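Notes follow the structure.
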Amino acid sequence: MPEVTYREAVRDALARAMREDERVFLMGEDIAEMGGSMAVTQGLLEEFGPKRVRNTPISEMAIVGSGIGAAMQGLRPVVEIMYEDFLTLSMEQLVNQAAKHRTMSGGQLSVPLTIRTQGGAGWSPGAQHAQQLEAWFVHVPGLKVVFASTPEDVRGLLWSAIYDENPVVFFEHRTLYPIKGEIPDELEPIPLGKARIHREGTDVSVIATGRLVHEALAAADEAEKDGISVEVVDPRTLQPLDEEAIIASVVKTTRAVTAHEAVTRGGFGAELTAVIQHGAFDYLDAPIERVGAKFAPLPFAPVMEEHVIPHAADVLAAIKRTVARA
Amino acid sequence: MATVEERAESGGKGVSEEVLRRFFREMLLIRRFEEKVEERFRAGELPGFLHVAIGQEATATGVCAALERDDVIASTHRAHGHAIAKGTAVERIMAELYGKVEGCSHGFGGSMHLYDLEVGNLGANAVVAGGIPGIVGAALAFQTRNEPRVAVAFFGDGATNTGTFHESLNLGQLWKVPAIFVLENNGWAESTPAKQHLPLPVDELGKRAQAFGMKLIEADGQDVEAVYLATLAAREHAVSGKGPVLLHLRTFRLTGHYVGDPQIYRAKDELKETRETKDPIELLRARLELSDDELATIDGEVTAEVEASVVFAKAGTDPKPEDALKYVYA
């Protein structure tokens, strides 16, 4: 089991898919010679050449839109939107076109397109380079949404996204690129729609995504010192959602905390909370707690940014609030 | 669809009378279809809302006749003529307008989302310019596989003001994809006239191509032969690897933006004059010197075809309500 970074794991999935399947190609801004602004695609131009690793103009609408057309005609494009903030520039193609061609055509067409992007705060870029917008896309029927938190997961999920017949918006988290983890020698695809239980526990379930999975695991270690047993569940795929695994966890623990870096209001935690209260209502011993960013555009000054986004301490405080209600 | 023989006949100079008569028949079929759609809509039989292309039949027929069957198109909200010209049977289009399973989008699309993959119709789009970038991608797929096919986007003058248009033509030219961008310039963006939404004189809108270093081909959009020959030239340019073409067709909308549009924004004398002088079907009829009897024969045939499409559509199958969720995911 080699140890690789999250960044290398993404690259490995892309490279393997491109080696095995000539339909797979990459498009995005600065992904060729530069290897991507996050260095994810480094070395791929050298191996696969400029027709399969395509630098594009700064044209998010055309990047996603041409990916749609190529996908409809039998290719397997993986497009990169440099920052998820810039997904907003491609929304029309994502929401009105990619998501809807299949239904509008009465099942004649499918759009097997993967849209990779990344975001996340903690490095003071200010308000337009670190948002977490994943919840927007969960609201659109026809799109699948993935948010991977570990090297093993990001590789296996990206493979499944590339080979899914539907458009998949694939979120990576900037601060996770350097983290390391063991991955199997052979790539094992991870099916979309399957949650992962990172840590088993009996008192509280924390359902966390992205960076907050790691914050939740840190909070769980702290809670354990106080005798609180925390289960940490990462849905990994936000749409389709593994409701069964999440409900089963809360039925067991009787308390739930949702945690993500995106703002709490209207965030994915709201959907999780609704799923949990409906599926585990008779088992709940405390109100469900939601952890997320405060409701503000991300400010620049590090002390303010730190204040806005959630950390392990916020997850721990939420865990303790749920336990205090028992 | 064009055949090799027809191309030989045209010889780059003109089109045989036989072919022109076939164009005439198709244009009249589109006209009678559109008129029937207006009638059935006003009778309350058709849900949603509709945009007809009366006056723009020559662009649909002329462009699609110059394409091969496996070339693909993306259409607009004004889609019926394009769908007919690309080869979908009128009964399947009419059935779609009635929301029936037998419709070309099986009742999921409606007037603004006519699809027919079998004949290369990748769908009509209700978002202005929404179909253009997908055509760049489809053309990229053809280029990648070295297939001698072209991808064709229809759009209007209004679409040339969107970022989508500029991003798409820019990328298409950069990568020299085999695409034809068909600008059906009718001088109206819904109710807004060209002088209020275009920074260029309406007849000079083809200059947009210069910004991308793109090949421009222009033709009178009311002259089906000119449109056909221009499209053949555009197709030849695009498939030969020289890059995409902006095909600028000046055309005229002889009705409102949508069925029921009172056109309070349009001068009555302008509309009257346009109808009298710019009707592509009347222009072609005069050129072919069709006698009243000949016209009556053709009209009788296409009218019967349209009437039969209504009978077919009304006898069609309603989708089951729960089918609504059938195609959300593949």
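The values are calculated or read from the model by the stated rules, or taken from the named source; none is laboratory data. What you see is a predicted model; the values in this text were computed from it and never measured. Note that each Cβ is placed from the backbone with ideal geometry, even for glycine, and that neighbours are counted across all protein chains shown.
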A:Thr41: of a type in the set (Ser, Thr, Tyr) and either under 16 Å from A:Leu157 (Cα atoms) or modelled with pLDDT under 95 (or both), yes or no?
no
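The rows are residues; the columns are (1) hydroxyl-bearing (Ser, Thr, Tyr); (2) loosely packed, with under 14 Cβ neighbours inside 10 Å.
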position: B:Thr251; (1), (2): yes, no
position: B:Val259; (1), (2): no, no
position: B:Ile264; (1), (2): no, yes
position: B:Leu271; (1), (2): no, no
position: B:Ile281; (1), (2): no, no
position: B:Ala286; (1), (2): no, yes
Taking A:Arg155, is it outside any strand (DSSP E or B), surrounded by 24 or more Cβ atoms within 10 Å (Cβ to Cβ) and either in contact with a strand residue (DSSP E or B) (Cβ under 6 Å, 6 or more places away or on another chain) or modelled with pLDDT of 95 or more (or both)?
yes
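Residues checked against (1) in contact with a helix residue (DSSP H, G or I) (Cβ under 7 Å, 6 or more places away or on another chain); (2) closer than 23 Å to A:Pro189 by Cα:
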position: A:Tyr6; (1), (2): yes, yes
position: A:Ser37; (1), (2): no, no
position: A:Leu45; (1), (2): no, no
position: A:Pro50; (1), (2): no, no
position: A:Thr56; (1), (2): yes, no
Among the numbered conditions (1) touching an Asp or Glu at 6+ places or on another chain (Cβ under 9 Å); (2) over 15 Å from B:Arg208 (Cα atoms); (3) within 13 Å of chain A (Cβ to nearest Cβ), tell me where B:Trp188 comes up short.
(3)
Selection count where residues are charged (D, E, K, R) and touching a helix residue (DSSP H, G or I) at 6+ places or on another chain (Cβ under 6 Å), scope the stretch A:213-235
4
Report, by residue number, each residue of the stretch A:93-106 that is facing another protein chain (nearest Cβ under 7 Å), part of a helix (DSSP H, G or I) and crowded, with 21+ Cβ neighbours inside 10 Å.
A:Gln93, A:Gln97, A:His101, A:Arg102, A:Thr103, A:Met104
Any residue that is more than 8 Å from chain B (Cβ to nearest Cβ) and of a type in the set (A, V, I, L, M, F, W, C) - is there at least one of those in the stretch A:64-75?
no
Cβ pairs under 6 Å, 6+ apart, first in the stretch A:168-185 and more than 12 Å from A:Glu152 (Cα to Cα), second small (Gly, Ala, Ser)
A:Val168/A:Ala161; A:Phe170/A:Ala161; A:His173/A:Gly120; A:His173/A:Gly210; A:Arg174/A:Gly120; A:Thr175/A:Gly120; A:Thr175/A:Gly122
Given the criterion away from every other protein chain (no Cβ under 14 Å), within 30 Å of B:Arg22 (Cβ to Cβ), among the polar types (S, T, N, Q) and crowded, with 19+ Cβ neighbours inside 10 Å, identify the matching residue among B:Thr255, B:Thr303.
B:Thr255
Looking for something over 23 Å from B:Val136 (Cβ atoms), more than 14 Å from every other protein chain (Cβ to nearest Cβ) and more than 15 Å from the chain's Cα centre (by Cα) - is there at least one such residue anywhere in the stretch A:129-141?
yes
Can you list residue pairs whose Cβ atoms sit under 9 Å apart, with the first residue in the stretch B:213-230 being on the phi > 0 side of the Ramachandran plot and the second being among the polar types (S, T, N, Q)? Count only pairs 6 or more apart in sequence or on different chains.
B:Gly213/B:Gln173
With respect to A:Glu22, determine if the residue is more than 27 Å from B:Phe165 (Cα to Cα) and either basic (Lys, Arg) or within 14 Å of chain B (Cβ to nearest Cβ) (or both).
yes
Those strands (runs of 3 or more DSSP E) completely within the stretch A:1-64 that have 1 or more residues that are among the charged types (D, E, K, R) are A:3-5, A:53-55
Residue selected from the stretch A:49-72 under the condition over 20 Å from B:His166 (Cα atoms) and surrounded by fewer than 24 Cβ atoms within 10 Å (Cβ to Cβ), by the criterion nearest to the chain's Cα centre (by Cα)
A:Arg52
Can you give me the ranges of the helices (runs of 4 or more DSSP H) entirely in the stretch B:9-120 with at least 3 residues that are away from chain A (no Cβ under 12 Å) and among the aromatic types (Phe, Trp, Tyr)?
B:17-42
For the stretch A:81-91, give me the residue count where each residue is within 13 Å of chain B (Cβ to nearest Cβ) and either at pLDDT below 95 or surrounded by 20 or more Cβ atoms within 10 Å (Cβ to Cβ) (or both).
1
Is it true that some residue in the stretch A:167-180 is assigned to a loop (DSSP other than H, G, I, E, B), of a type in the set (A, V, I, L, M), more than 14 Å from chain B (Cβ to nearest Cβ) and out of contact with any Lys or Arg (no Cβ under 6 Å at 6 or more places or on another chain)?
yes
Scanning the stretch A:295-320 for residues that are of a type outside the set (A, V, I, L, M, F, W, C) and under 26 Å from A:Thr253 (Cβ atoms), the one surrounded by the most Cβ atoms within 10 Å (Cβ to Cβ) turns out to be A:Pro310
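Please tell me if A:Gly279 is touching a Lys or Arg at 6+ places or on another chain (Cβ under 8 Å), small (Gly, Ala, Ser) and at pLDDT 95 or above.
No, not satisfied.
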In the stretch B:14-26, is there at least one residue being among the hydroxyl-bearing types (Ser, Thr, Tyr) and more than 15 Å from the chain's Cα centre (by Cα)?
yes
Among the candidates A:Val111, A:Val78, residue that is within 24 Å of B:Asp70 (Cβ to Cβ), of a type in the set (Val, Ile, Thr) and either facing chain B (nearest Cβ under 8 Å) or in contact (Cβ under 8 Å) with a residue 40 or more places away in the chain (or both):
A:Val111
Tally time: how many residues in the stretch B:121-141 are more than 7 Å from chain A (Cβ to nearest Cβ) and within 15 Å of B:Phe181 (Cβ to Cβ)?
6
Residues in the stretch B:213-229: is at least one of a type in the set (Val, Ile, Thr), out of contact with any helix residue (DSSP H, G or I) (no Cβ under 8 Å at 6 or more places or on another chain) and away from every other protein chain (no Cβ under 14 Å)?
no
For the stretch B:95-132, name all the residues that are in contact (Cβ under 8 Å) with a residue 60 or more places away in the chain, within 16 Å of the chain's Cα centre (by Cα) and surrounded by 24 or more Cβ atoms within 10 Å (Cβ to Cβ).
B:Ser111
Number of the condition not met by B:Val182 [criteria: (1) in contact with a helix residue (DSSP H, G or I) (Cβ under 6 Å, 6 or more places away or on another chain); (2) farther than 21 Å from B:Arg235 by Cβ]:
(2)
Residue in the stretch A:198-221 that is surrounded by the fewest Cβ atoms within 10 Å (Cβ to Cβ), counting only those that are in contact with a Ser or Thr (Cβ under 7 Å, 6 or more places away or on another chain) and more than 22 Å from A:Tyr83 (Cα to Cα):
A:Thr202
